[in-house]
Amino acid sequence: MKKYNMYVYIIFIFFSFTFTQKLIIPMDQSQNDHLKAYGIAFFALNNKINVDWLLNYKGGSFMIDNNSIIKNECILRGVSYNEINATQINNIYQSIEENNMDIVLLEKEPKIAVYSPPDKLPWDDAVTLALSYAEIKYTVIFDHEVLTDKLSEYDWLHLHHEDFTGQYGKFYKNYRNKPWYKKMEQDFNKIARDHDFSSVHNLKKAVALKIKEYIVNGGFMFAMCSATDSFDIALAAHKTDIAAAVFDGTPIDSDYYSKLDFNNAIAFENYILYTDPMIYEYSSIDFPPSHMPRTKGAEADYFTLFEFSAKWDPVPTMLTQNHVSIINGFMGQSTGFNEKYLKDYILIMGEDPASEQVKYIHGNAGKGTFTFLGGHDPEDYKHYVGDPATDLSIHRNSPGYRLILNNVLFPAARKKKRKT
């Protein structure tokens, strides 16, 4: 009997050791491909395998049950991982408990939508580049889907570099005679007519209001570059005409400023609009302004991420996970945000310490959230119209692109924070 019990004990220890083994995907400097590591997390969720997101532990590492499918996928995608045993797992839990760290349980793959025009325009979108490189599935939607209430089918929405003010991206001065610009005008006017709007700016403002409704009802929205301030301006200008006659054939409302409804906007207020179609800028929100000469180059341009309490502020902690805290700056039509125009409740997550530029912000609207990141492409300091797409295989450890993918993964957590 004693010998039998000993065998049972040994078998119990063996199986306990085996089934408590896990895989850890480090997200510190030891990771070979940070961007594809996010794709592994999505791959696991797609295969009904839960993922522990270890906030502030080695750059926001992922821990997954030891699984040959996950290991093989890591090898195929060039993602670094380590197998850890029960003792190592307990050491991780203890470290998390004693430091500014926590664990968020990811259980369900979020359904991703990208708001983008169906025809390719002569510029690329950093988010779709990141999603494609990380091998994360997404669906492209546009005005028709938004206006016919399809947004509720998605957990997370990204706004491509769209102009929600109906001014065609403020490209009039330099590109109005280009074939792609003329086609954009034709396509957008057709969509407006199809949906019974008298102008493109009325169409786009209606779309912005629908997207706000999506957020208020619990959606997660992320935007970069001109999709940030133009979206918020469209919400504020929903009762007035701020588009010059070259865009819609009618003059700007002479009393437009008094009709701006900043209470309807979600992020900015009290800014100055630039309604001149010859100015490549929407408003004084953008800092530094795109239409003014710049005094510093890429070598002097950077922003810093704030550190948040993982146990008390899990949302901004998730959104700022990175292997560095200082990130190279990058320009765009909307490069950053002037702090003095932010609404009081906006959370600043990244800023240029040498100026008034806020680069990375987050806020709540109703049951949902929104996050804005200034700039166009984290790995192309000045990305001009017509420039080739950034090759992320040579930027696989990009801290700026990690901020984008933090946002994509964030809805998988919802509010299911797990105590250690």
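The values are calculated or read from the model by the stated rules, or taken from the named source; none is laboratory data. This one's a predicted model, so the numbers in the text were calculated from it and none came from an experiment. As a convention, Cβ positions derive from the backbone with ideal geometry for all residues, glycine included, and neighbour counts pool all protein chains shown. To get the accessible areas, we keep the full protein, side chains included, count just its heavy atoms, and leave off ligands, DNA and RNA. Shrake-Rupley method; radii C 1.70, N 1.55, O 1.52, S 1.80 Å.
Things to note:
- Asn50 being closer than 18 Å to Asp28 by Cα and open to solvent by 40 Å² or more (accessible area, probe 1.4 Å): no
- Test: residue in region 203-221 that is in a helix (DSSP H, G or I), open to solvent by less than 10 Å² (accessible area, probe 1.4 Å) and not hydrophobic (A, V, I, L, M, F, W, C): yes
- Region 344-365, residues that are assigned to a loop (DSSP other than H, G, I, E, B), touching a strand residue (DSSP E or B) at 6+ places or on another chain (Cβ under 7 Å) and not aliphatic (A, V, I, L, M): Tyr345, Asp352, Pro353, Glu356
- Counting only strands (runs of 3 or more DSSP E) that fall entirely inside region 21-71 and contain at least 3 residues that are without any contact (Cβ under 8 Å) to a residue 60 or more places away in the chain, the qualifying elements are 61-65.
- Residue count, region 329-361 (criterion: within 26 Å of Met101 (Cβ to Cβ) and at pLDDT below 95): 1
- When Gln186 is tested against (1) touching a residue at least 24 places away in the same chain (Cβ under 8 Å); (2) assigned to a helix (DSSP H, G or I), only condition (1) is not met.
- Residues satisfying the stated conditions in region 77-101, i.e. within 26 Å of the chain's Cα centre (by Cα) and among the aliphatic types (A, V, I, L, M): Val79, Met101
- Subset of region 71-126 (residues that are at pLDDT 95 or above, out of contact with any Lys or Arg (no Cβ under 6 Å at 6 or more places or on another chain) and among the basic types (Lys, Arg)): Lys71, Lys111
- Positions within region 122-176 being of a type in the set (Asp, Glu) and in a loop (DSSP other than H, G, I, E, B), in sequence order: Asp124, Asp125, Glu135, Asp149, Asp155, Glu162, Asp163
- Thr390 open to solvent by 10 Å² or more (accessible area, probe 1.4 Å), among the polar types (S, T, N, Q) and part of a strand (DSSP E or B): no
- Given (1) modelled with pLDDT of 90 or more; (2) farther than 30 Å from Asp248 by Cα; (3) outside any loop (DSSP other than H, G, I, E, B), number of the condition Asn263 does not satisfy: (2)
- The requirement of being open to solvent by 30 Å² or more (accessible area, probe 1.4 Å) and at pLDDT 95 or above is not satisfied by Thr295.
- Of all the criteria given as (1) within 22 Å of Cys225 (Cα to Cα); (2) out of contact with any strand residue (DSSP E or B) (no Cβ under 7 Å at 6 or more places or on another chain), the one not satisfied by Ile112 is (2).
- Cβ-Cβ contacts under 6 Å between residues 6 or more apart (or on different chains), taken from a first residue in region 256-277 that is closer than 30 Å to Tyr175 by Cα to a second residue that is in a helix (DSSP H, G or I) and open to solvent by 60 Å² or more (accessible area, probe 1.4 Å), are listed as Pro277/Val246.
- Scanning region 179-202 turns up no residue that is within 17 Å of Ser116 (Cβ to Cβ) and within 18 Å of the chain's Cα centre (by Cα).
- Output for region 148-170, where each listed residue is over 16 Å from the mean Cα position of the chain (by Cα) and crowded, with 18+ Cβ neighbours inside 10 Å: Leu151, Asp163, Phe164, Thr165, Gly166, Gln167, Tyr168, Gly169, Lys170
- When Ile103, Ile136, Ile112 are checked against the criterion of being aliphatic (A, V, I, L, M), touching a residue at least 40 places away in the same chain (Cβ under 8 Å), surrounded by 15 or more Cβ atoms within 10 Å (Cβ to Cβ) and in contact with a Gly (Cβ under 9 Å, 6 or more places away or on another chain), Ile136 stands alone in meeting it.
- Residue among Asp253, Asp276 that alone is open to solvent by 50 Å² or more (accessible area, probe 1.4 Å), assigned to a loop (DSSP other than H, G, I, E, B) and modelled with pLDDT of 95 or more: Asp276
- Options Phe308, Phe370: the member that is buried (at least 19 other Cβ atoms within 10 Å of the Cβ), under 18 Å from the mean Cα position of the chain (by Cα) and either of a type in the set (Phe, Trp, Tyr) or assigned to a loop (DSSP other than H, G, I, E, B) (or both): Phe370
- Within region 313-338, tally of residues that are touching a residue at least 24 places away in the same chain (Cβ under 8 Å) and open to solvent by 50 Å² or more (accessible area, probe 1.4 Å): 2
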